[in-house]
Amino acid sequence: ASISHDLRTPLAVIAGAASTLSRHGSALDPADRQALAQSIEDQAHEMSNLISNVLDLTRLESGRVELQCDTHSVEDLVGAALHRLEPRLQRNPVSIELPEDLPGVNVDPVLVSQVLANLLDNAAKYTPAGTRIRIAAVADAPMVRVVVEDEGPGLPPGDPRLLFEKFQRGRQESAVVGAGLGLASCRAIVSAHGGEITAWPGTHGGARFEFTFSVGQA
């Protein structure tokens, strides 16, 4: 029911915006046309992200997934996620703190890109415009620890581990859409790689997510 609702909602917005553009586009001023087009793009992104998380969870929980692991630099993985989320992150400055001697990690790059995309997408959804999102990493042999931290409203009361359960949303009363699968997908992906993911209060308020992956071969 949760997934159905979160697919129908963006579909309704897309259909409404597309109908308005189709029927009245020539009569609208450029700003209104741009706003409608942007809403279509944003809602299509929501649907795509939800479907990716559903597929990732289904595959990983089936136990039949073969990870396509190789050694990749954290810088490249972060860069790929930032490129993918570029339109979503225009409202928030992103700082990247990666040591020059940081070792590579042994991961499936497609799945790890989804982890980073989910965490960055959450930060963009819940943090006010203009507040910073921080990405950092440190070697913690035999692992590399990656941090995604924001300056938003912070974690909800209760056990942070519950945030990683399926269909669990951080703030039930929030108007932000989401079926509550993003963090569950992150945990499944990180666990499949033999790592762990945790949530903590941020250094300057907000939320801090940390996850680990094994160091790759030099």
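The values are calculated or read from the model by the stated rules, or taken from the named source; none is laboratory data. Remember, predicted model here, so these are calculated numbers, not experimental data. Cβ coordinates were reconstructed from backbone atoms using ideal geometry, including for glycine residues, and neighbour counts include every protein chain displayed. When the accessible area is computed, the model is the full protein with side chains, heavy atoms only, and any ligands, DNA or RNA have been set aside. Shrake-Rupley method; radii C 1.70, N 1.55, O 1.52, S 1.80 Å.
What the table below lists for this structure:
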quantity: Pairs where the first residue, in the stretch 193-218, is free of Cβ contacts under 8 Å to residues at least 60 places away in the same chain and the second is part of a loop (DSSP other than H, G, I, E, B) and open to solvent by less than 60 Å² (accessible area, probe 1.4 Å), C-beta under 7 Å, 6+ apart; calculated: ALA199/LEU155; PRO201/GLY154; PRO201/LEU155; GLY202/GLY154; GLY205/GLY154
quantity: Residue match in the stretch 93-114 (condition: at pLDDT below 90 and either part of a loop (DSSP other than H, G, I, E, B) or farther than 25 Å from GLU61 by Cβ (or both)); calculated: no
quantity: Extreme residue, nearest to ASN122 (Cα to Cα), among residues of the stretch 168-193 that are open to solvent by 60 Å² or more (accessible area, probe 1.4 Å) and modelled with pLDDT of 65 or more; calculated: ARG187
quantity: Tally of residues being of a type outside the set (A, V, I, L, M, F, W, C) and either outside any loop (DSSP other than H, G, I, E, B) or within 18 Å of HIS45 (Cβ to Cβ) (or both) across the stretch 120-134; calculated: 6
quantity: Evaluation of THR58 against (1) open to solvent by 40 Å² or more (accessible area, probe 1.4 Å); (2) within 24 Å of ALA123 (Cα to Cα); (3) β-branched (Val, Ile, Thr) (one fails), failing number; calculated: (2)
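Quick grid of which residues meet (1) of a type in the set (Ser, Thr, Tyr); (2) surrounded by fewer than 14 Cβ atoms within 10 Å (Cβ to Cβ); (3) in contact with a helix residue (DSSP H, G or I) (Cβ under 6 Å, 6 or more places away or on another chain); (4) farther than 22 Å from LYS125 by Cα:
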| position | (1), (2), (3), (4) |
| --- | --- |
| THR9 | yes, no, no, no |
| ARG23 | no, yes, no, yes |
| ALA44 | no, no, no, no |
| VAL74 | no, no, no, yes |
